[in-house]
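Below you'll find the structure, written out as structure tokens, and then a few comments.
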Amino acid sequence: MAEEPCQCSECQRFYKEHDRLIREFPTFKQQQELNWASIQSFRTLCNKVTDELQRELSERESNEDISLDEKHISDAELSEALDELENVNAYLFSIEALMEKIFDVKISNNIESKFQEIAKELAPDPLNMDRLILNRLFHQTPDSPDKKNIN
């Protein structure tokens, strides 16, 4: 028997985002581009924050008389964050190298249409009228787990 998916709010948010990305980008090519853009935007942001934190740390080192009240981030926190962000940037660079291999893959229009077909099955539109009717019927079912009286 398959294990039930986690129902915590973080997982539910992930499932919704997962399904939205499948619905909005249902082809192989769109998924390639989406993932490439996502990695690039993450790298850009991490690099910019890393540069800013390095600049701030070197300014502090050259200007020792900054009071503790003026420091919103401690030197130790800055150094730790820089170490972690350098690791993240290295991982993202590795992912980028792997993604380049994925971009070498080309598929036919027939296979692209299969991607679109499967995407509709994996992540049906939650606002589709049939889906809304089924959801309403499900929630009105007296024997559904959330409707049982606990005595």
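The values are calculated or read from the model by the stated rules, or taken from the named source; none is laboratory data. If you're wondering where the values come from, they're calculated on a predicted model, not measured in any experiment. Here Cβ is always computed from backbone atoms with ideal geometry, including for glycine, and neighbour counts include all displayed protein chains.
Pick out the one residue from Ile118, Ile150, Ile102 that is in a helix (DSSP H, G or I) and either at pLDDT below 90 or under 13 Å from Thr27 (Cα atoms) (or both).
Working: Ile150 fails: in a helix (DSSP H, G or I); Ile102 fails: either at pLDDT below 90 or under 13 Å from Thr27 (Cα atoms) (or both).
Sole residue among the options that is in a helix (DSSP H, G or I) and either at pLDDT below 90 or under 13 Å from Thr27 (Cα atoms) (or both): Ile118.
Counting just the residues of the stretch 20-35 that are surrounded by fewer than 16 Cβ atoms within 10 Å (Cβ to Cβ) and closer than 23 Å to Ser94 by Cα, which one comes out nearest to the chain's Cα centre (by Cα)?
Step one: of the stretch 20-35, the residues surrounded by fewer than 16 Cβ atoms within 10 Å (Cβ to Cβ) are 20, 23-24, 29, 33-34.
Still in the running and closer than 23 Å to Ser94 by Cα: 29, 33-34.
Working: Lys29: 18, Glu33: 15, Leu34: 11 Å.
Selected residue: Leu34.
If you take the residues in the stretch 73-87 that are free of Cβ contacts under 8 Å to residues at least 12 places away in the same chain and either of a type in the set (S, T, N, Q) or in contact with an Asp or Glu (Cβ under 7 Å, 6 or more places away or on another chain) (or both), which one is nearest to Asn47 (Cα to Cα)?
Taking the stretch 73-87 first, the residues free of Cβ contacts under 8 Å to residues at least 12 places away in the same chain are 74, 76-77, 80, 83-84, 87.
If we keep only those that are either of a type in the set (S, T, N, Q) or in contact with an Asp or Glu (Cβ under 7 Å, 6 or more places away or on another chain) (or both) too, we end up with 74, 87.
On the way: Ser74: 20, Asn87: 11 Å.
Per the criteria, the residue is Asn87.
Would you check if Asn89 is part of a helix (DSSP H, G or I), surrounded by 14 or more Cβ atoms within 10 Å (Cβ to Cβ) and polar (S, T, N, Q)? Lay out the reasoning, then the answer.
On the way: part of a helix (DSSP H, G or I): yes; surrounded by 14 or more Cβ atoms within 10 Å (Cβ to Cβ): yes; polar (S, T, N, Q): yes.
Yes, satisfied.
In this structure, is Leu127 of a type outside the set (Phe, Trp, Tyr), modelled with pLDDT under 85 and part of a loop (DSSP other than H, G, I, E, B)? Working first, answer last.
On the way: of a type outside the set (Phe, Trp, Tyr): yes; modelled with pLDDT under 85: yes; part of a loop (DSSP other than H, G, I, E, B): yes.
Here the answer is yes, as Leu127 does meet what is asked.
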